[in-house]
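What follows is calculated from the coordinates using simple rules that are stated; it is not laboratory data. In this text the structure is predicted, and so the values were computed from the model without any measurement. For neighbour counting, all protein chains shown are included, and Cβ atoms are generated from backbone atoms with ideal geometry for every residue, glycine included.
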Protein chains: 2
Amino acid sequence: MNSADVLSLCKRRGFIWPAYEIYGGIAGLYDYGPLGTAMKNNIIEAWRRAYTLGEGFVEIDSDTIGPEAVFKASGHVDQFADKLVTCTQCKTPFRADHLLKDKHPNPGALNFEELDAEIAKHGVACPDCEGELSRSEEFNLMFKTTIGPGSAGRVGYLRPETAQGIFVNFNSLLRYMRERLPFGVIQVGRGYRNEISPRQGVIRLREFNMMEAELFVDPNDKTWPRFRDVRHETLRLVPNEPGDKEVVMSLEEAVEQRVVANETLAYFLWFTQRFLIMVGVDAERLRFRQHLKNEMAHYAADCWDAEALLSFGWTEIVGVADRGCWDLSRHIEFSKVDMSVLMRYDSPVEVEREVIKPKFNLMGPEFKAKAKLVGNALEESDPKEIKGDHIVVLVEGSPLKVDRKYFDVVKVKEKVPGERVVPHVIEPSHGLDRIMYTCLEHAYTEKQDKEGNYIVMRLSPISAPIKVGVFPLMGKEELITPAGEIDWTLRMNGVLTSFDDSGSIGRRYARMDEIGTPFCITVDYQTLEDGTVTIRERDSTEQVRVRKDEVVAILTSLLCGSADFVSLKAK
Amino acid sequence: MNSADVLSLCKRRGFIWPAYEIYGGIAGLYDYGPLGTAMKNNIIEAWRRAYTLGEGFVEIDSDTIGPEAVFKASGHVDQFADKLVTCTQCKTPFRADHLLKDKHPNPGALNFEELDAEIAKHGVACPDCEGELSRSEEFNLMFKTTIGPGSAGRVGYLRPETAQGIFVNFNSLLRYMRERLPFGVIQVGRGYRNEISPRQGVIRLREFNMMEAELFVDPNDKTWPRFRDVRHETLRLVPNEPGDKEVVMSLEEAVEQRVVANETLAYFLWFTQRFLIMVGVDAERLRFRQHLKNEMAHYAADCWDAEALLSFGWTEIVGVADRGCWDLSRHIEFSKVDMSVLMRYDSPVEVEREVIKPKFNLMGPEFKAKAKLVGNALEESDPKEIKGDHIVVLVEGSPLKVDRKYFDVVKVKEKVPGERVVPHVIEPSHGLDRIMYTCLEHAYTEKQDKEGNYIVMRLSPISAPIKVGVFPLMGKEELITPAGEIDWTLRMNGVLTSFDDSGSIGRRYARMDEIGTPFCITVDYQTLEDGTVTIRERDSTEQVRVRKDEVVAILTSLLCGSADFVSLKAK
C-alpha cells in the first residue's frame, strides 16, 4: 500500500477530490467530497468537544483576510518565504532546497549564495526540460490581495495560520475571561500557503484546514491542575539529542528530567496523543519529536511535533510549542496596545522601589519655563536609565540631557495589587488535512476473500463518515418498509446512515467496508417473524441479532464506545 | 432598540467583534467571539442536520480560492461588479448608486452615463469632504490574488459564493449518488465580496459565511415526494405584483395558483421557513418576497427571498431560487465537459431518427485522401445542420462545405435507454451572518426591574451559545463541589455550561439572561439535605426543583424541545 492507493480510493469513493478537475486542476488544491466532509466534521467536533467541554477553552472565528500590519507584527511579511529558482527555458518554478535534496545534507539551511553555488557545483538543471536554472530568489508564501477599491485599497493577505486571529483579539478575550489567567482559545478554519510547487497529495496544500489552540498562561506558573491525574501516562518521545533515539516515558518523568519544558506542555502532548488516537491515528505509528535546536524558533521555550508514520515517512501532523511571550509582545510592539495582564496577589503587597525625585528649586534657573516639564519627565523615568552623572529624558518629544545635580534617587514604599505580565502561549497547532489523511492511511487494510482482494477502511467509529449501513435483505416492499423505518429513526437520532437495497448482501457489506462504516443492520424475513435484526461489525465481520426496538440505543452505545461488540455478542 | 444597541451588546459580551481593532479595524470585517462562534456552530449544525439527516443531502467542502476559468463560466468575472465613484479630493471611494439613494427611485438600475448625469444633476458631492466626484467606473467585487510564484503564477479569486464549488464537482457528485436524480448537496463556508464601502454592521460584509444547498432535479419533474406531507402548511408571500401585497397561502394553493413555480421550490420555501423559526427568527417578522421581474436573473425560473424585518427594514437573509440549467450549462460550455444525466426509461424505447449517410463511392474523386475523414465527419453531423444544398463539416479542424450530392439522409431505428438531460438547480442560499444577526436582534428584549433596565436575549435554545448556567448559591466549598459535579456531567453529555460562583444570584441570572442562556441550575443548602436543585427558566424567570440525578435528562429534553418548562413545572 502506498499513498497513491489511498488517494485513489479517496477519489473513487468520495473522500477527497482534486479541485477544479474539469478546468485542468490546480496543484495543491483539493476538495472534500461527501465522505471526506462528514469525516472532517466528525474530527473537528471531537476536537472541539475535547477542548471546550473538556478543558473549558473558548472558540472564536476570525477573518481569513488580514491587513499587512498584522503580518508585519507576526513576522510573516518578512520571514514566511521559500527560496525560488525558475527554469530560464520553460519558466517552471521550483523550491531551490527541494532540488538539492539528494545532494546536500541540509539544503533548507542554505542561503541564496550557497544555494546558487550548490546548484552550479552539482550541475542541477530543470527537472522538467533540463533548461538552465535562474539564481535563487525569495518568494513570500502568503497569498496577497487588495482590500477595497482603487487607490483607497490596502494590501491584504490570506492568513497563513489561524493563530494571529486569536492574538489580535487577546484583550477582548481577556475581558471575556474576566481578566484571569490561564485561559485557552481554539479556532478551526482555513490557512493559506502559496506553495511554489506543491507535491505529496494532501500533505502540502495551498489551502488547508487548521485547528489551533492557544493557551495563555502566567509566565511564572506553567503547572497544570490536571497534570496530576495523568502523570503516569506515557509518551513516545524523540528528544533533540544526537542519535534521534526514541524513549517512552511517563509525563512525570519527562518533566522531572527536563526532557519536556513544563507541566502544561507535557499535559498537552498527552492531550494531543489521546485525541489523535481517539480519531483513528494508529498509536504504534505516532511519536513526538522535539524540534532540533536550529529548527526551533528563537523565541520558543520548547517545541514538539506529533509525527505519524506514513508512506512518505514520519510526517508532522501537530505541533505543540511553548512560544513564550513572542506573539503578544510583537503585537504590543506593533500596535502600541497594552496586552499585559495583572496577576493579582492574594492581598496587595507593600514593595519598596527607587524613584527619581527632581530638585525643582535648582531647576528654574537652568530650565526656565520648561522646568516643570523637565521635572515631570524625570519623575516618570526609571532610575535604571541614569548614566553616571546624567540621565536623558524626553521633553516635548526631544531628548534632553539632565545633570545628576538636578535630582535625587529616593526609595518609596507602595502597595501593589499584583504583577503585570505578558502571558506566555502554549500552542497545540493541528494540520487537519494531515490528520485526516493519517486516519485514512492508517485505516487502509487490504483483505482477501474468494472473490479476490478488497479494501477495508478500519476507521474509528468517531471519525467514520457513515456510521451505519441499513439493508433490507432483498428489494421487496415488506423488507424495505421496516428497514426504512430503522434508517429514519437512526437519522432522527443524529446517526448518519446509508440505506442500500441493491446488489447481493455481500456486495453491500463490501461497499460499506470500503468506506469504513463500522456497523451494518440487515432486515430479513426473521425480522418480520420475531422483530429482530442483525448487526454486523466491520472489523470482525461477526454478526449479532438484536431486537429492532433496541437498535438505536445499542448502536449509540457502540458508536460512542460505551459498549463494545464482543460483550454484546457474548450477551 | 436599534442595531447599534444590538451590536454594542454583541461586542461587550463576546458575540461579535470588529476585526483587527488594535490595528485600527477594517470596514466590513468582523470576528465572532466565543459566544458568537458557539451560536454560529449551533445554527450550522441545525441546518446541516436538517438537510443531511432529514432530506438525505450530502455535504462537500471545496476550496475558497479558484482559478479565473471557474468565475468566467459563472459570470462573476464579467458581471459581479458595482459602480464606483471616487472623491477627487480625499480619494474616498463610494458606490455610485448609494449616493443617489434619496434622489432616484431605483439608482441600482442606472448605467454609467445615467449615474454620472444624475450625480451632476443633483450636484452630489463627496459626503466626507464635499469634494468633486469622479465619473463612475466598474469595480469587480471579487478579491483577486495570484496562485503560484512569479511568471508561472495564475490569476485566482476568492469565491464570491460556495455554490460554484458544488457545480464544478457535479460529475463526481453524480457518480457518488450512483447517477440518479434528484440529489442535493450542501456546503457551508466563507464567501468574499470586496465591497466598495461596507456599512450596516454585519449585514454587508467583505468576508462572510454562507450555507448553500444545491438540489439537482430532472427538468421534466419538479415534484417533491414530501410536498404532500406539508401541503397545508402556510407561507407569508409577497408575489412580484404591483402593490407589494402580502398574502398568506398554503403551499398547495401557492403551487396550484402558480404563485410559486413548482412543488420543489415551494417545499424548500417551507423548509427554509421552518429552519429559520427553529433557530430563532421571529415568525411575525419573516416573509418571502418574490424577485421583481427586472431583479430576477434572466435564467431563473423563479426566485424568492426570505426577508426578516430588522431595524434596517426588511432584509434578505435567504434566497431560494429555481436557477434552471444555467449553472451547469455554463460550466459545460466553458469546460467542454459533459455534465448531462441519463434519465433512464423504465425499459429502453425504440426511436426512429434521421442520420446522414455519406456516399463514399462518389467522394473519392472529389476529396481524394481525405474522403474517409469527410465521410466520418458527415456521419457524426446532425441532419438539422444541412443548409439547402450543402452542409458544413469540420475536417481536421477546418470547416468544409460538402455538396448535398455526396450524402443521403436516412431513417434508422435505435433502442434508447433514456433521455439525457442537464439537471435544473433549486438553490436555497443562506447568509449565515445575516441569520445570526436576525436571531440576535429578534431576541433582544429590554426589561425593567427595581434596579433599572436590563437586557434579556430570548435566543432559541437551539442557537443559544451557553445552554445552562450552573451556580453554587454561595462561594462555599460544600456548594461548589456538587455544583462542579453537575457542571462536569452536563459537559460530558455535550451541554455547554457556564459555571459562575461570583456575585449575587440575581446578578448571575442577569448575566446569563443577557447572553441568552435558556436555563440556570442553582445548588443551595437544600441540595445538601434532599439532593434537589433548582432549574430556572430565562423567559418566565420561574423556577422548579428537580432531583439532581435527573438534571441531565431533564435539561436535554428541554433543550431539544421534547419537553417544555410549563409541563415540567406542573408536574
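A few comments on the model shown:
- Rounded Å value of the spacing that divides the Cα centres of segment A:299-334 and segment B:345-418: 67
- The other copies place their B:Glu350 label points at 11.3 nm from this one, listed shortest first, where each point is 7 Å from Cα along Cα→Cβ.
- Residue and distance for the chain B Cβ closest to the axis that moves B onto A, in whole Å, come to B:Thr145, 3.
- Assigned charges on the beta-carbon of Lys, Arg, Asp, Glu; segment A:349-412 dipole about Cα centre (debye): 260
- For segment A:1-116: rounded, prolate or oblate by the Cα gyration tensor [a/c cutoff 1.5]: oblate
- Distance histogram in 10 Å bins (all Cα pairs of chain B, percent per bin): 3, 13, 20, 21, 17, 12, 7, 3, 2, 1, 0, 0
- Stokes-Einstein D in µm²/s, Kirkwood radius over Cα pairs - segment A:238-300 at 37 °C with 0.692 mPa s viscosity: 256
- Relative to the dominant Cα principal axis of chain A, helix A:477-492 is inclined by about 10°.
- Neighbour-count ranking [beta-carbon atoms within 10 angstrom, fewest first] of A:Val255, A:Val77, B:Val425: A:Val77, A:Val255, B:Val425
- Cα long-axis angle, helix A:263-279 against chain A (0 to 90 degrees, to the nearest 10): 20
- Rounded to 10°, Cα long-axis angle of helix A:112-121 versus longest principal axis of chain A: 50
- Per residue of A:24-32, other chain Cβ atoms within 10 Å of the residue Cβ number 5 on average.
- For segment A:82-139: relative contact order, % (alpha-carbon pairs under 8 angstrom, 6 or more apart): 50
- Compactness of segment A:347-416, taken as the C-alpha radius of gyration over 2.2 N^0.38 Å, stands at 1.19.
- Per-residue shielding of B:165-178, expressed as the average number of other chain Cβ atoms within 10 Å of the residue Cβ, stands at 4.
- For the protein assembly as shown, the residue among A:Ala117, A:Asn41, A:Leu342 whose Cα projects farthest onto the positive side of the dipole built from Cβ charges is A:Ala117.
- Cross-link partners for B:Lys384 among the aspartates and glutamates, with Cα-Cα distance under 17 Å and sequence neighbours closer than 8 places in the same chain left out: B:Glu352, B:Glu354, B:Asp403, B:Asp408.
- Which of B:Pro198, A:Leu432, B:Thr88, positive extreme of dipole for the protein assembly as shown (C-beta unit charges): B:Thr88
- Each copy carries a label point for B:Gly108 at 7 Å from Cα along the beta-carbon vector; from one copy to the others these points are 5.1 nm apart, nearest first.
- Over segment B:503-547, the reciprocal of the mean inverse Cα-Cα separation, the Kirkwood hydrodynamic radius, stands at 10.9 Å.
- For B:Tyr176, A:Tyr32, order by how many other beta-carbon atoms lie within 10 Å, fewest first: B:Tyr176, A:Tyr32
- Among A:178-189, A:559-570, B:116-127, the peptide with the highest mean count of other Cβ atoms within 10 Å heads the list, and the full ranking is A:178-189, B:116-127, A:559-570.
- Our summary gives chain A a relative contact order of 12 percent, counting only alpha carbon pairs under 8 angstrom and 6 or more residues apart.
- Between segment B:244-282 and segment A:1-58, the alpha-carbon center distance in angstrom: 35
- The packing ranking, built from the mean of other Cβ atoms within 10 Å per residue, places the peptides B:381-394, A:518-531, A:40-53, A:499-512 in the order A:40-53, A:518-531, A:499-512, B:381-394, highest first.
- The Rg/Rh ratio for segment B:96-151, using Cα coordinates for both the radius of gyration and the Kirkwood hydrodynamic radius, is 1.18.
- In nm, spacing of pseudo-spin labels at A:Arg154 and A:Arg178 (7 Å Cα→C-beta vector): 3.6
- Once you reduce segment A:506-553 and segment B:461-520 to the center of their Cα atoms, the two points are 41 Å from each other.
- Extension gain from B:Leu342 to B:Glu451, taking 0.36 nm per residue of separation minus the Cα-Cα distance: 32.3 nm
- Using C-alpha pairs below 8 Å separated by at least 6 residues, the relative contact order for segment A:431-536 is 29 percent.
- Mean ellipticity per residue at 222 nm, deg cm²/dmol - from DSSP H runs of n ≥ 4 across the protein assembly as shown, formula -39500 (n - 2.57): -9000 deg cm²/dmol
- Shielding of A:327-334 by partner chains, average beta-carbon count, 10 Å: 1
- Spin-label proximity, B:Asp389 to segment B:400-420 - amide N less than 15 Å from point 7 Å beyond Cα toward beta carbon: B:401-407
- Sorted fewest first by neighbouring Cβ atoms within 10 angstrom, B:Ser250, B:Ser398, B:Ser62 come out as B:Ser398, B:Ser250, B:Ser62.
- Full-extension gain in nm, A:Ala27 to A:Arg353, via 0.36 nm per residue minus C-alpha separation: 111.2 nm
- For segment A:124-154, the list of trypsin sites (Lys or Arg not before Pro) that fall in a loop by DSSP and count at most 16 other C-beta atoms within 10 angstrom reads A:Arg135.
- Solution diffusion estimate, µm²/s, Stokes-Einstein, the protein assembly as shown, Kirkwood Rh from C-alpha pairs, 20 °C, viscosity 1.002 mPa s: 63
- Violating pairs (Cα-Cα greater than 31 angstrom) within the set A:Lys144/B:Lys11; A:Lys11/A:Lys571; B:Lys222/B:Lys387; A:Lys467/B:Lys72; B:Lys72/B:Lys413: A:Lys11/A:Lys571; B:Lys222/B:Lys387; A:Lys467/B:Lys72; B:Lys72/B:Lys413
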